[in-house]
There are 2 protein chains.
Amino acid sequence: MPVGTAATVKAVPQHLLEEVGAGGRGAQIILANTYHLYLRPGHETIRRLGGVHRFMSWNRPMLTDSGGFQVFSLNELRKVTPNGVEFRSHLDGSRHFFSPEHSMDVQIALGADILMAFDECTEYPATRERARQSLDLTHAWARRSLDHFRAHQQEVPWHQEFDGQTQNIFGIAQGGMYHDLRRESAERLAEMDFPGYAIGGLAVGEPRDKTREMIEHTLQFLPKDKPRYVMGVGYPEEIVEYAAMGVDMMDCVLPTRAARHGLLFTSQGRLNIKNKIHAEDQGPIDPACSCMVCQRYSRAYLRHLFVSREMLGAMLNTLHNLSHYLDTMQTVRDAMELGTLSALLAQTRLREHEAAARKA
Amino acid sequence: MPVGTAATVKAVPQHLLEEVGAGGRGAQIILANTYHLYLRPGHETIRRLGGVHRFMSWNRPMLTDSGGFQVFSLNELRKVTPNGVEFRSHLDGSRHFFSPEHSMDVQIALGADILMAFDECTEYPATRERARQSLDLTHAWARRSLDHFRAHQQEVPWHQEFDGQTQNIFGIAQGGMYHDLRRESAERLAEMDFPGYAIGGLAVGEPRDKTREMIEHTLQFLPKDKPRYVMGVGYPEEIVEYAAMGVDMMDCVLPTRAARHGLLFTSQGRLNIKNKIHAEDQGPIDPACSCMVCQRYSRAYLRHLFVSREMLGAMLNTLHNLSHYLDTMQTVRDAMELGTLSALLAQTRLREHEAAARKA
């Protein structure tokens with residue numbers, strides 16, 4: 001799921017987002033960040049404009065996060081109590097308060113198809129005591145999120161237009177790097193019977209092996225017949241691994257943010273477009289890629305745009321990286337249908353080792 | 001002609017530039033700036049990459065300026081002699097020298113379809129003596145530009161590919177705000193028999209009535225059967241006036257630069273998208289506009305993108321302004337064919353007066 005922080009996947013117009021990647025099918029779902037839209041333009045503005053889909057002219061599924069992750073990232077500007085989080089805006093320093101109930105109200109006003117329970121993203125590393133206490137808060141807040149959502153879901157701005165269809169709320173499992181806490185979290189959320197589940201608190205600084213281990217462990221205790229979503233991952237080779245384990249949804253700013261910094265993903269590994277080696281290279285980013293950027297533009301031109309700080313560089317790099325990610329996921333889906341997933345995994349791991357060997 | 005300074009019309013991918021405006025016909029010709037491409041990525045790099053068309057993947061006509069205008073804008077960094085101009089790069093302060101011969105060499109390496117003679121853009125205001133001296137320099141340089149171009153035009157990087165087709169060089173008439181000097185300049189250039197002619201040294205700070213007067217006056221003395229190009233203009237209502245006078249080509253950064261600053265052109269005049277009045281406006285920029293931006297996005301969303309400094313804002317604003325300009329020129333062409341040019345002019349002037357009255 002491409003990330004569209006402020007109701008825009010940075011540097012990409014919606015009609016290209018609808019076309020990007022394998023078979024021209026485009027992104028099937030995108031994210032927006034509750035914290036950012038709450039501050040600007042404001043959730044009540046978006047409610048009055050008919051919800052975030054209409055606001056940004058995106059007619060496919062959308063997901064909003066709870067705002068918690070961003071708020072907890074404001075280290076010096078926040079104060080956590082059992083009731084919620086007091087924080088200061090990174091834009092103007094103004095004071096705000098998010099509780100589970102308030103996060104639901106904001107997400108209902110935004111009107112994405114999937115909203116996320118308000119959780120505390122446990123930092124890494126965390127002692128067992130700290131992870132335990134944080135998990136209790138997350139579970140209490142999951143209950144309050146679910147109850148408040150159920151009581152107010154009719155307030156979604158597009159409710160009258162799509163009668164009976166409302167939003168879906170996903171719970172978020174935490175538990176730090178502790179197996180028993182992760183299991184407890186998955187089981188407690190499953191008891192609450194959410195229509196979907198996320199695994200949060202990963203990719204927060206722990207080694208990648210630990211991320212993989214925690215995902216594999218937690219998945220066992222989450223209902224297989226519901227969507228299972230790992231938040232905030234990852235590199236292309238990671239998302240293949242996790243999808244193969246049974247993860248249905250993932251989001252990450254990596255393809256878009258890396259693109260703006262000139263880091264491009266290809267079938268042969270990563271490349272940095274600002275590298276002088278590309279200055280007179282007439283070839284595409286990736287000869288194996290069928291995206292509109294690789295079909296039309298050379299590395300030499302993309303390097304020139306990057307070095308000259310031209311906006312078109314950010315746009316083309318982003319389109320390519322999104323294509324690469326969506327193509328990667330399509331390859332996983334195809335392999336699942338064909339029963340060749342283990343071969344795909346072996347190939348992905350081999351490439352990863354080769355790339356690591358080239359670096360070393 | 002949209003301006004693509006560094007081989008990119010800022011914020012617009014080439015495939016949208018091919019589609020923008022009336023009937024989806026797109027821009028028929030774009031500009032690139034010799035000074036900028038000379039400094040970065042360098043004209044020899046572009047020559048090795050097959051010329052600027054191939055470099056940026058633009059398969060329609062292109063024009064390069066002579067580099068003179070930019071060099072003369074570097075007030076503190078330049079020194080003019082009869083032989084040429086010594087200047088310092090705005091990027092790194094390095095020393096460079098442009099003569100008519102060198103400008104030709106660079107423009108031949110870039111390989112645009114139309115290149116411009118190296119001239120001195122006379123500043124405004126200028127005394128008669130200063131305009132006279134500057135004009136003599138421009139005429140001497142026009143002669144040297146033409147001779148050097150004729151001797152070296154086979155060196156264009158795409159010569160072997162398009163056998164026998166080479167570039168076309170346009171002369172530039174100067175003369176400050178002096179009728180007799182403008183006449184002399186037009187006649188001297190016409191004697192040199194260029195395949196096309198530009199009127200330069202306008203829109204440099206003089207009142208708009210003076211610009212119009214100088215264009216109208218100079219046009220009389222330039223061959224009617226050759227393209228006549230006014231450099232660096234203008235507002236939508238100006239380009240209608242000048243086209244009606246017989247001007248065939250114009251270029252200006254206004255539609256693209258203004259767009260990046262949130263200034264949008266509409267059939268009802270200008271609007272500034274950052275104005276709070278647009279914050280919850282679900283309407284398009286211009287209900288009379290058929291561009292892809294007006295068909296899909298609201299003023300509320302465009303304001304949000306602008307206020308949030310999102311790149312998509314610059315892109316969508318630019319696409320709209322370019323559409324408005326290309327649509328405006330199409331309206332002029334249609335009126336010429338239908339014989340309704342005087343009605344179009346009357347309507348344009350009326351709108352201009354109404355807009356001025358609303359302001360006052």
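The values are calculated or read from the model by the stated rules, or taken from the named source; none is laboratory data. Note that the structure is a prediction, hence the values are computed from the model and not measured. Quick reminder, even Gly has a Cβ in these numbers, built from the backbone with ideal geometry, and neighbours come from all protein chains shown.
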Are any of the residues in region A:37-56 at the interface with another protein chain (Cβ under 8 Å from one of its Cβ atoms), touching a strand residue (DSSP E or B) at 6+ places or on another chain (Cβ under 9 Å) and outside any helix (DSSP H, G or I)?
no
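Looking only at region A:155-214, how many residues end up being of a type in the set (Phe, Trp, Tyr), at pLDDT 95 or above and farther than 16 Å from A:Glu123 by Cβ?
Let us first name the residues in region A:155-214 that are of a type in the set (Phe, Trp, Tyr), namely A:158, A:162, A:170, A:178, A:194, A:197.
Subset that is at pLDDT 95 or above: A:170, A:178, A:194, A:197.
Still in the list and also farther than 16 Å from A:Glu123 by Cβ: A:170, A:194, A:197.
Selection size over region A:155-214: 3.
Pick from region B:161-180 the residues that are more than 16 Å from B:Ala117 (Cα to Cα) and aromatic (Phe, Trp, Tyr): which of them is surrounded by the most Cβ atoms within 10 Å (Cβ to Cβ)?
Step one: of region B:161-180, the residues more than 16 Å from B:Ala117 (Cα to Cα) are B:161-165, B:176-180.
From what is left, the residues that are aromatic (Phe, Trp, Tyr) are B:162, B:178.
Details: B:Phe162: 9, B:Tyr178: 20.
Per the stated criteria, the residue is B:Tyr178.
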Out of curiosity, is A:Asn275 within 24 Å of A:Met1 (Cα to Cα) and outside the structural domain of A:Phe170 (by TED's automatic domain parsing)?
no
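Does region A:330-347 include one or more residues that are closer than 17 Å to A:Glu241 by Cβ, in contact with a Pro (Cβ under 8 Å, 6 or more places away or on another chain) and crowded, with 19+ Cβ neighbours inside 10 Å? Quick ask: steps written out before the conclusion?
Narrowing region A:330-347 to residues closer than 17 Å to A:Glu241 by Cβ: A:330-336, A:340-347.
Subset that is in contact with a Pro (Cβ under 8 Å, 6 or more places away or on another chain): none.
Among the residues of region A:330-347, not one is closer than 17 Å to A:Glu241 by Cβ, in contact with a Pro (Cβ under 8 Å, 6 or more places away or on another chain) and crowded, with 19+ Cβ neighbours inside 10 Å, which makes the answer no.
Among the residues of region A:13-35, how many are part of a loop (DSSP other than H, G, I, E, B), within 13 Å of another protein chain (Cβ to nearest Cβ) and either of a type in the set (Lys, Arg) or over 13 Å from the mean Cα position of the chain (by Cα) (or both)?
As a first pass, look at region A:13-35 and keep what is part of a loop (DSSP other than H, G, I, E, B): A:13, A:18-21, A:25-29, A:33.
Applying the additional criterion that residues be within 13 Å of another protein chain (Cβ to nearest Cβ) yields A:13, A:18-20, A:33.
Next cut, either of a type in the set (Lys, Arg) or over 13 Å from the mean Cα position of the chain (by Cα) (or both) only: A:13, A:18-20.
Count: 4.
Within region A:79-124, take every residue that is of a type in the set (A, V, I, L, M) and in a loop (DSSP other than H, G, I, E, B) and give me the one that is surrounded by the most Cβ atoms within 10 Å (Cβ to Cβ). Before you say what the answer is, go through the steps one by one.
Of the residues in region A:79-124, the ones of a type in the set (A, V, I, L, M) are A:80, A:85, A:91, A:104, A:106, A:108-110, A:112, A:114-117.
Still in the running and in a loop (DSSP other than H, G, I, E, B): A:91, A:112, A:117.
Numbers: A:Leu91: 10, A:Ala112: 26, A:Ala117: 30.
Out of the qualifying residues, it is A:Ala117.
Results for (1) surrounded by fewer than 24 Cβ atoms within 10 Å (Cβ to Cβ); (2) among the aliphatic types (A, V, I, L, M); (3) touching a Cys at 6+ places or on another chain (Cβ under 6 Å), shown as yes or no for each residue.
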position: B:Asp281; (1), (2), (3): yes, no, no
position: B:Asp286; (1), (2), (3): yes, no, yes
position: B:Arg299; (1), (2), (3): yes, no, no
position: B:Arg303; (1), (2), (3): yes, no, no
position: B:Met311; (1), (2), (3): yes, yes, no
position: B:Leu316; (1), (2), (3): no, yes, no
I need the full set of residues from region A:1-12 which are within 7 Å of another protein chain (Cβ to nearest Cβ) and either touching a Lys or Arg at 6+ places or on another chain (Cβ under 8 Å) or not in a loop (DSSP other than H, G, I, E, B) (or both), in order please.
A:Ala6, A:Lys10, A:Ala11
All but one of (1) closer than 24 Å to B:Gly4 by Cβ; (2) among the basic types (Lys, Arg); (3) more than 11 Å from chain B (Cβ to nearest Cβ) hold for A:Arg351; which doesn't?
(1)
Selection within region A:49-78 - of a type in the set (D, E, K, R) and either in contact (Cβ under 8 Å) with a residue 60 or more places away in the chain or exposed (fewer than 15 other Cβ atoms within 10 Å of the Cβ) (or both)
A:Arg54, A:Arg60, A:Asp65, A:Glu76
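Condition first: among the hydrophobic types (A, V, I, L, M, F, W, C), closer than 20 Å to B:Met250 by Cβ and part of a helix (DSSP H, G or I). Now tell me which residues in region B:165-189 satisfy that. Spell out how you get there, then give the answer.
Kept after step one, since they are among the hydrophobic types (A, V, I, L, M, F, W, C), are these residues of region B:165-189: B:169-170, B:172-173, B:177, B:181, B:186, B:189.
Still in the running and closer than 20 Å to B:Met250 by Cβ: B:169-170, B:172-173, B:177, B:186, B:189.
Within region B:165-189, B:Ala186, B:Leu189 meet the criteria.
Out of A:Thr218, A:Thr266, I need the residue that is crowded, with 17+ Cβ neighbours inside 10 Å, without any contact (Cβ under 8 Å) to a residue 60 or more places away in the chain, in the same structural domain as A:Leu115 (by TED's automatic domain parsing) and polar (S, T, N, Q). Which one? Spell out the reasoning first.
Details: A:Thr266 fails: in the same structural domain as A:Leu115 (by TED's automatic domain parsing).
None of the others qualify; the one that does is A:Thr218.
For B:His139, indicate whether it is in a helix (DSSP H, G or I) and closer than 27 Å to B:Pro41 by Cβ. Full working, then the answer.
On the way: in a helix (DSSP H, G or I): yes; closer than 27 Å to B:Pro41 by Cβ: no.
So B:His139 fails the test.
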Count of region A:309-326 residues which are more than 8 Å from chain B (Cβ to nearest Cβ) and over 25 Å from the mean Cα position of the chain (by Cα):
1
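Say we look at region B:182-215 and pick out the residues that are touching an Asp or Glu at 6+ places or on another chain (Cβ under 9 Å) and closer than 22 Å to B:Arg349 by Cβ; which of these is surrounded by the fewest Cβ atoms within 10 Å (Cβ to Cβ)? I'd like the intermediate steps shown before the answer.
Here is the first cut: in region B:182-215, the ones touching an Asp or Glu at 6+ places or on another chain (Cβ under 9 Å) are B:196, B:198, B:200-201, B:203-205, B:208, B:211-212, B:214-215.
After this cut, where a residue has to be closer than 22 Å to B:Arg349 by Cβ as well, the list is B:203, B:208, B:211-212, B:214-215.
On the way: B:Ala203: 20, B:Arg208: 15, B:Thr211: 22, B:Arg212: 17, B:Met214: 22, B:Ile215: 23.
Restricting to residues being touching an Asp or Glu at 6+ places or on another chain (Cβ under 9 Å) and closer than 22 Å to B:Arg349 by Cβ, the top hit is B:Arg208.
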